1. About its Cα centre, how strong a charge dipole does the chain have in debye, to the nearest 20, once Lys and Arg get +1 and Asp and Glu get -1 at the Cβ?
2. So what's the net charge close to A12: Lys and Arg +1, Asp and Glu -1, counting the other residues with Cβ under 13 Å from its Cβ?
3. May I ask for the net charge around K24, where only other residues with Cβ less than 15 Å from the Cβ of K24 are counted and Lys, Arg are +1 while Asp, Glu are -1?
4. Tell me, what are the semi-axes, in whole angstrom and largest first, of the equivalent ellipsoid of the chain as set by the roots of 5 times the Cα gyration tensor eigenvalues?
5. What does the net charge come to around K36 if you take all other residues with beta carbon closer than 12 Å to its beta carbon, with K and R at +1 and D and E at -1?
6. Of the accessible area of the chain, with the probe set at 1.4 angstrom, what percent is carbon plus sulfur?
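The values are calculated or read from the model by the stated rules, or taken from the named source; none is laboratory data. Since the structure is predicted, the reported quantities are computational estimates derived from the model, not experimental observations. Virtual Cβ from ideal backbone geometry, glycine too; neighbours counted across all protein chains shown. Heavy atoms of the whole protein, side chains included, go into the accessibility calculation; ligands, DNA and RNA do not. Shrake-Rupley method; radii C 1.70, N 1.55, O 1.52, S 1.80 Å.
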Amino acid sequence: MSNRKATIITTASHKKQNNRFAMKAKEDLLGFGFKKVDFIDIEFDKPELLEKYIM
């Protein structure tokens, strides 16, 4: 899993990526061995960005 990437979709979150639950999820995913964890807000970011996370 050392080359695996993940993303957390923060669109519905009040504080977006500064939300404590989003930060905890990122910390947990990194702890599980994910190399990189990003945040995507499809309200402002292009939904096509999600394609790079498809296995």
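1. Values: 11 positive and 8 negative charges, 50 e Å.
With Lys and Arg at +1 and Asp and Glu at -1, about 240 debye.
2. Details: positive: K15, K16; negative: D41, E43.
That sum, taken over residues with Cβ under 13 Å, equals 0.
3. Numbers: positive: K15, K16, R20, K26; negative: E27, D28.
Computed value for this residue: +2.
4. Working: eigenvalues 70, 50, 6 Å².
Equivalent ellipsoid semi-axes, largest first: 19, 16, 5 Å.
5. On the way: positive: R4, K5, K26, K35, K52; negative: D38.
Neighbourhood net charge equals +4.
6. On the way: 2450 of 4370 Å².
Carbon with sulfur: 56 percent of the solvent-accessible area.
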